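Right, one structure below, let's go through it.
The values are calculated or read from the model by the stated rules, or taken from the named source; none is laboratory data. This structure is a prediction, so every number in the text was calculated from the model and none was measured. Cβ placement follows ideal geometry from the backbone for every residue including glycine, while neighbour counts extend to all protein chains displayed. All accessible areas refer to the heavy atoms of the entire protein, side chains included, with ligands and DNA or RNA removed. Shrake-Rupley method; radii C 1.70, N 1.55, O 1.52, S 1.80 Å.
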Amino acid sequence: MNYLPYEEHYQDKKAEKVALRLFYIFVYILLIFYGIMFVTDIAFNTKYRYITVEGLSMQPTLNTNPILDGDKYYQDGVYVLLTQEVDYNDIVIVSRPNDVKGQPNYTVIKRAIAFEGDKISIVKLPTGEYDMFGLPITEYRVVLQKKGEKEAKVVYEDYIKSYEEWDYIASTSYEGLRYDSDFYHDYIQKGLTTTATVTYQNKLSETVSEEVELFTIGSDSDTDDRQVFYLGDNRLGSKDSRENGTTDQSMIVGKVIYIVRDSYSLKNSAFGWFNKVKYFFVIIWNEIVDYFASLP
C-alpha cells in the first residue's frame with residue numbers, strides 16, 4: 001500500500017509511540033521485578049542464610065564425596081533457618097568462641113542430640129554376637145534418657161557414618177563397660193555422671209539390661225542458658241560435645257532446612273545454579289503460604 005507523505009509521517013510517529021510505550025512497559029516490569037527481588041532478598045536474609053558446608057564431620061549426611069580446595073573440603077550447601085528453637089536430631093549451626101581457631105564468627109555444623117535436663121552416655125554395648133574367638137562383639141551406642149522420662153534408651157542412629165567405622169574410636173574401660181574416650185575423660189572421670197539402667201534389644205532381638213554411666217546435661221553449667229549436647233555424624237572425624245562440652249542454646253545460629261547437593265562442586269554449572277535457586281523459591285513460596293494461612 002502506498003502512503004502519501006503526510007500519511008507516512010503519521011505511520012512512523014505511531015510506530016515510534018508504540019515502540020516507546022513497549023519500552024516503558026518493559027522498564028516498569030523490570031523495575032518491579034528487581035524491587036520485589038530486592039525486598040525479598042532483604043526479608044530472606046533476616047530469617048534465612050545460605051552456607052557452604054566445609055569439612056568432613058557431618059559425613060555421610062553432608063559432603064559425602066567432597067572436593068579438596070586448598071586445604072579444605074567442600075561439596076554441599078545448606079539453607080539455614082535462623083532460630084535458636086531446635087529439636088532432637090536437627091542439624092544445627094553452632095557459633096564457637098573466637099579463640100577456638102582465632103577466627104571471629106567461627107561456626108560448626110553438627111547434630112543436636114540432647115538438651116538441658118536430659119541424661120546421655122556414649123558406650124559400647126554387647127550386640128549379642130561373638131567373634132571367631134568367642135569374644136562378645138560390642139558397638140558404640142548413644143544412650144539417652146530424655147527429661148521427664150523414667151527409662152534410658154538406646155538411640156539407633158541410621159544417619160551416622162557406619163557403626164563399624166565408629167567402633168575404631170579409642171575407648172576407655174569403666175565398671176565392666178567401654179566408653180568413648182573423650183566422653184569418659186570429660187564426664188565420667190570428672191565425676192559428672194550417675195549410674196542408671198538401660199534396657200535395649202540387641203541384634204538377635206534379645207532384651208538386654210546394662211548399668212551405664214549417664215551425664216545430666218546442664219549439671220556442670222554455670223550459666224542460666226539452656227544447654228545443648230551436639231555430635232557430628234562422622235563420629236571418627238568430628239570434634240563436638242564429647243570434648244568441647246555442651247553449648248548454650250543462645251550460641252545456636254540456626255537449623256538446616258534444605259540440603260543443596262553438590263552446590264560447591266557444580267557452582268559454575270547451570271544445574272548447580274538451578275538446584276540452589278530452586279530451594280530459594282521453595283522457601284519464599286512457603287513463606288507466602290504461611291503468611292496467608294495466618295490471616296484471620
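Given the criteria at pLDDT below 90 and crowded, with 16+ Cβ neighbours inside 10 Å, does residue 258 qualify? Outline the logic, then answer.
Details: at pLDDT below 90: no; crowded, with 16+ Cβ neighbours inside 10 Å: yes.
Answer is no for this residue.
Within region 56-96, being assigned to a strand (DSSP E or B), aliphatic (A, V, I, L, M) and surrounded by 16 or more Cβ atoms within 10 Å (Cβ to Cβ) holds for 78, 80, 81, 91, 92, 93, 94. Among the residues making up region 278-296, those that are open to solvent by 100 Å² or more (accessible area, probe 1.4 Å) and part of a helix (DSSP H, G or I) are 281, 285, 291, 292. Considering region 76-115, the residues that are charged (D, E, K, R) and at pLDDT below 95 include one that is farthest from residue 216 (Cα to Cα), namely 76. Restricting region 116-175 to residues that are in contact (Cβ under 8 Å) with a residue 60 or more places away in the chain and of a type in the set (Phe, Trp, Tyr) leaves a set whose member that is nearest to residue 216 (Cα to Cα) is 140. If I filter region 249-260 for residues that are small (Gly, Ala, Ser), touching a strand residue (DSSP E or B) at 6+ places or on another chain (Cβ under 9 Å) and part of a strand (DSSP E or B), do I get at least one hit? Yes.
Which count do you get for residues in region 52-87 that are over 19 Å from residue 250 (Cβ atoms) and touching a strand residue (DSSP E or B) at 6+ places or on another chain (Cβ under 8 Å)?
The initial filter retains those residues of region 52-87 that are over 19 Å from residue 250 (Cβ atoms), namely 52-79.
Then keep just the ones that are touching a strand residue (DSSP E or B) at 6+ places or on another chain (Cβ under 8 Å); that gives 52-58, 61-67, 72-79.
Total satisfying the criteria: 22.
Residue count for region 218-233 under the criterion of being surrounded by 21 or more Cβ atoms within 10 Å (Cβ to Cβ) and touching a helix residue (DSSP H, G or I) at 6+ places or on another chain (Cβ under 9 Å): the result is 5.
Scanning region 153-166 finds no residues that are small (Gly, Ala, Ser), in contact with a Leu (Cβ under 6 Å, 6 or more places away or on another chain) and either in a strand (DSSP E or B) or closer than 27 Å to residue 64 by Cβ (or both).
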